[in-house]
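For reference, the structure is listed below as structure tokens.
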Amino acid sequence: MNKRDSKKDNVILFPGLEKRLLEKGLDYLKQKKYRDAIQFLEQALVHDPENSDIYVGLVLANFEAGYVKQAKQIAAQMLRSGLGDYIQVIDLYLMILVQLNEYDEIVSTIEALLDEKEIPADKQEHFTRMLEFGRRMLEGGPEMEEATDGEPEGVSLGLFDLQDPKDQVMIAARLTKENIRPYIKEIKEYLASEQGHPFQKTMLLNILKEQEYAEETDVRKFGWEKSFIPSRLLDLKDYIAMNDVIQILGDELENADPVLFENILSLIERHFFLIYPFDLPNGGAEAWAAAYHFMANEYYGFDEPLESFVELYTSFEEETGQVLAFIRMLEEISYPII
């Protein structure tokens, strides 16, 4: 072996490198920069291939980035290898299966857990509800029936009782395959109430639109109240894409800094999902563009003052400050990764 080969075979890693890579990856995950998170977490995994925290981070980052099948593969590998908290990993795995509509695997997985008595007492109700949901989806759910004005006696979704985001997503997935007319009264009461998460309300409105519900429907979000006819609403993707805020930011950043622009788009898509179908409050598109650019810059660790962005987008400082405060509130109430 020559001297060059000897050096190659005795590479000394920087002490704590895998820990720093993990911390960087998790930091990007918190900032919703999922592709950056995946890059750093995959590097961390090379140096620490049995660290369950790295695996969990990779599952979540891939799921949120839209790489759902990859997230499933990583979660399945964790289960096979016994990495991480078993019930936490099973919960992640089942949520991925819901997204992939793999209800047969949901049912078989939970049935195996029940047979092996692996489910803790405090999780029994949650997993039993998921099992019932999986079985119902396998059966195809009720056939789409003719619209009815009333809600049959005893039929209820329990919308006001749902607090867990995972349960709310399951209800939405179920309703996409059912006729929502039997639940109209409860859905409309929920949409018009001051209770309920705006995320769930958007999902319900989207289902009403897809099923061409054409009656006036009151909606309350963030203290706003307005009546809409769901069948006439813009598609959610068009509501987001057609907004002037994206156009203004695109003109400024799409060519100059495409990575930053992509990260801002991720923020906008998540926040506008919550606002839908209301018009943007508090300020003009220029103020929103300035506030989003400032916030994204802040996430990157830069400390350029808000005034610089006010000047860049020719907005008003007070108005932009109000918009920024509202955006921060949206970020706080955005659902955690499920």
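The values are calculated or read from the model by the stated rules, or taken from the named source; none is laboratory data. Model, not experiment: these values are computed from the prediction. Glycine gets a Cβ as well: all are built from the backbone with ideal geometry, and neighbour counts include every protein chain shown. Accessible surface areas use protein heavy atoms only, side chains included; no ligands, DNA or RNA. Shrake-Rupley method; radii C 1.70, N 1.55, O 1.52, S 1.80 Å.
Within segment 294-338, restricting attention to residues that are among the acidic types (Asp, Glu) and more than 25 Å from the chain's Cα centre (by Cα), which residue is least open to solvent (accessible area, probe 1.4 Å)? Reasoning before the result, please.
We begin by selecting, within segment 294-338, every residue among the acidic types (Asp, Glu); these are 298, 303-304, 307, 311, 317-319, 331-332.
Narrowing further to those that are more than 25 Å from the chain's Cα centre (by Cα): 303-304, 307, 311, 317-319.
Details: Asp303: 141, Glu304: 89, Glu307: 92, Glu311: 145, Glu317: 98, Glu318: 138, Glu319: 55 Å².
Across segment 294-338, the extreme among qualifying residues is Glu319.
Being in a helix (DSSP H, G or I), open to solvent by 20 Å² or more (accessible area, probe 1.4 Å) and not hydrophobic (A, V, I, L, M, F, W, C) is the filter here, so list the residues in segment 94-114 that pass it.
Narrowing segment 94-114 to residues in a helix (DSSP H, G or I): 94-99, 103-114.
Still in the running and open to solvent by 20 Å² or more (accessible area, probe 1.4 Å): 99, 104-105, 108-109, 111-112, 114.
Selection gives Gln99, Asp104, Glu105, Ser108, Thr109, Glu111.
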**Study point:** Residues of segment 115-126 that turn out to be under 14 Å from Tyr86 (Cα atoms) and part of a helix (DSSP H, G or I), as a count
**Key:** 1
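Find the helices (runs of 4 or more DSSP H) located wholly in segment 181-256 whose residues include 2 or more that are surrounded by 13 or more Cβ atoms within 10 Å (Cβ to Cβ) and under 20 Å from the mean Cα position of the chain (by Cα), and list them. Spell out how you get there, then give the answer.
Numbers: elements: 184-192, 198-210, 236-241, 244-253.
Per the criteria, 198-210, 236-241.
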Check your understanding: Does Phe133 count as among the aromatic types (Phe, Trp, Tyr), open to solvent by less than 60 Å² (accessible area, probe 1.4 Å), modelled with pLDDT of 75 or more and closer than 26 Å to Ile96 by Cα?
Key -> yes
Check your understanding: Which residues, taken from segment 13-28, are under 19 Å from Glu262 (Cβ atoms), open to solvent by 20 Å² or more (accessible area, probe 1.4 Å) and within 20 Å of the chain's Cα centre (by Cα)?
Key -> Asp27, Tyr28
Review point. So which residues in segment 267-293 are open to solvent by 30 Å² or more (accessible area, probe 1.4 Å) and assigned to a helix (DSSP H, G or I), if there are any at all?
Key: Glu269, Arg270, Phe273, Glu286
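Name the one entry in Ala121, Ala65 that is over 17 Å from Val169 (Cβ atoms) and more than 20 Å from the chain's Cα centre (by Cα). Give the steps one after another, and end with the answer.
Details: Ala65 fails: more than 20 Å from the chain's Cα centre (by Cα).
Sole residue among the options that is over 17 Å from Val169 (Cβ atoms) and more than 20 Å from the chain's Cα centre (by Cα): Ala121.
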Exercise for review: Quick one: Leu58 ticks every box in (1) touching a residue at least 40 places away in the same chain (Cβ under 8 Å); (2) open to solvent by less than 40 Å² (accessible area, probe 1.4 Å) except a single one, so which number is it?
Suggested key: (1)
Practice item. Go through Leu13, Leu41, Leu83 for me and flag whichever is at pLDDT 90 or above, outside any helix (DSSP H, G or I) and not basic (Lys, Arg). Key: Leu83
